[in-house]
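Structure first, commentary second.
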Amino acid sequence: MPAIPHDSTYKDIFSHPTMVEALLRGFVHEDWVRQVNFSTLEKQNTHYVSDSQVQRSTDIVWRVQLKLPDGSQEWLYLFLLIEFQSKTDPWMALRMLTYVCLLYQDLIKTEQVKPGEKLPPVFPVVIYNGQATWRASLEIAKLIDAPDSLKCWTPRFRHHLLDQGRVPKAKLKQLSDNLMACLIVLETHLPDDPVILETTRALVELLKDDDFDGLDRAFTRFYRRTILSKLNPGQMTQMPETLEGVTTVLAERIDEWMDGLRQEGERKGEQKGLLKGRQSEAARMLGLQLRLRFGLLPDWAEARLAQAPLEQLEGWIEAVLTAESLEGVIGPEG
């Protein structure tokens, strides 16, 4: 899959250890996460993909040390794959198994794992932002049709899935100080939604320290390519260079949007008022004609005239000229 701008912005964001930590702490609920020494996070290269594979700009690999119960430490590799396809890939479990095997081959080739040593554990994660719910199997075994007598030879492998569109809003609100949760909010709401501005302000606060300067710039590029580009970019003389600048642009856009809603509401209110006036006048005219032809109107007829829509009143006004009774115009009681 060829790289697209959205891919490169994600790669920038997940090239910072703070984002990887936010992902694991907020969205991987397993005991081993508490054993991770996040200060040891090291980004790895992904140039080992074979000629038969198409390297994606969102294949990101990190390694980090786990604190084992006996006091020793072990390297854990994290394979992150950002999936931008609009539909579920039914073969994702196979793809991920292939990528993990390529990683293992590279560790052996570069002698990071020597003969006689065991391979390190790998935690594969797929981050999916498509609109449709992810429905493909997370396990390779479920993709293989094997009789019971051969199931013992079926490979065992599964990957972790983060389906961004299916994360409950209540959880995102609970994790408002989690960078990964902020990113999911930005991905799953329209640019004009006020929650985007609220989340941006939270990001400014979370990334205000100089230690996060690079991640601040990465998020700013993300906004410019995926959010601000949808908000009348032709009217912007210059894209903001910082998250504070992004906040200002969004605040102005939200104000414009709310003003537009108010003006539209006022316009619709005026139209509704005019329609109501026409309806009342039509009911008054029809009532006058009916009284002239059929005398005093009963209460049920008065109520029916008051509730009838304008189109129906106009039809009854035409019927008055030829009808022989009140019921012939507006129908019988009941």
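The values are calculated or read from the model by the stated rules, or taken from the named source; none is laboratory data. A quick note: this is a predicted structure, and the numbers were derived from the prediction, not measured. Here the Cβ positions follow ideal geometry from the backbone for every residue, glycine too, while neighbour counts run over all protein chains shown. Side chains are part of the model used for accessible areas, which takes the heavy atoms of the whole protein and leaves out ligands, DNA and RNA. Shrake-Rupley method; radii C 1.70, N 1.55, O 1.52, S 1.80 Å.
Within straight-line reach of residue 118, meaning a Cα separation under 17 Å, sit the following aspartates and glutamates at least 8 residues removed in sequence or on another chain: 74, 106. Per residue, the range 35-185 exposes 56 Å² of solvent-accessible protein surface, assessed with a 1.4 angstrom probe and all protein chains in place.
Full extension of the chain between residue 158 and residue 135 yields a length gain of 6.9 nm, computed as 0.36 nm times the residue separation minus the alpha carbon distance.
Compare the Cα positions of 62, 138, 108 along the charge dipole of the range 36-165 (+1 at Cβ of Lys, Arg; -1 at Cβ of Asp, Glu; about the Cα centre) and return the one farthest towards the positive end. Sorting the options by dipole projection puts first 138.
Which percent of the accessible heavy-atom area of the range 108-167 goes to carbon and sulfur, probe 1.4 angstrom?
Working: 2150 of 4100 Å².
Heavy-atom surface of the range 108-167 belonging to carbon and sulfur, 1.4 Å probe: 53 percent.
What FRET efficiency would be calculated for the residue pair residue 104, residue 149, taking the C-beta separation as r and a Förster radius of 25 Å, to the nearest 0.05? The partial results should precede the final answer.
Working: r = 29 Å, r/R0 = 1.15.
Efficiency computed from Cβ-Cβ geometry: 0.30.
For the listed residue pairs 87/142; 43/67; 142/173; 43/114; 43/109; 11/87, the alpha carbons are over 26 angstrom apart in 142/173. The stretch between residue 291 and residue 91 holds 64.3 nm of extra length on full extension. This uses 0.36 nm per residue minus the Cα-Cα distance.
Can you give the net charge of the other residues whose Cβ lies under 12 Å from the Cβ of residue 215, counting K and R as +1 and D and E as -1?
Working: positive: 208, 217, 221; negative: 12, 21, 209, 210, 211, 213, 216.
It works out to a net charge of -4.
The modelled label-to-label distance between residue 198 and residue 8, using points 7 Å beyond Cα along the C-beta direction, is 3.4 nm. DSSP beta bridges fully contained in the range 75-159 are about 10 percent antiparallel.
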